[in-house]
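The values are calculated or read from the model by the stated rules, or taken from the named source; none is laboratory data. Being a predicted model, the structure only gives us computed values, none of them experimental. Reconstructed Cβ throughout: ideal geometry from the backbone, glycine too, with neighbour counts over all protein chains shown. Surface areas here come from the heavy atoms of the whole protein model, side chains and all, with no ligands, DNA or RNA. Shrake-Rupley method; radii C 1.70, N 1.55, O 1.52, S 1.80 Å.
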Amino acid sequence: TDAGTMRDLDRLAGLFTEDAAWRIPSAGIELSTRDGIRTNLERMQQVWEFFVQNTHTGAVQVDGDTATGRVFAEEIGRMRDGSSHRNRAVFHATYRRTADGCKFSERVDEIVYIDTSALTGTASPRNITV
């Protein structure tokens, strides 16, 4: 959530295993490999004027070096063409322990509500440094 909202694409892609898959079935999106995910995130970032994601409490079940889990999410954003997007989703994930810590090996975003009505507010410039 932090990496995506802060547009830190290297950090976001680094959360996935080298052979990871990320799917958003309702949007027809299927990404594979960490490099493929990174390339597509960069392309998608060019389309967004702003994008904010919030995640909410979920659950994780650990089984040795793997785990499964889900979190509930809310996303809001406006594209550079003026179209808007809001959704509520359940993110289903499979995780794998690696030498660099636990990573997503698969993520499937199940969008359960979508709203494309115009966002009429203003977005501030993203000049945040940490």
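Tabulated results
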{"read-out": "Region 43-130, dipole about Cα centre (Lys/Arg Cβ +1, Asp/Glu Cβ -1), debye to the nearest 20", "value": "180"}
{"read-out": "Cα centroid separation, region 39-80 to region 94-112 (Å)", "value": "11"}
{"read-out": "Probe 1.4 Å, protein heavy atoms only - accessible area per residue of the chain in square angstrom", "value": "62"}
{"read-out": "Carbon and sulfur %, accessible surface of region 43-130 computed with the full protein complex present, 1.4 Å", "value": "52"}
{"read-out": "Nearest-ten-degree value, helix 34-47 long axis tilted from longest Cα axis of the chain", "value": "10"}
{"read-out": "Peptide ranges 113-125, 95-107 listed from the most packed, as the mean C-beta count within 10 angstrom indicates", "value": "95-107, 113-125"}
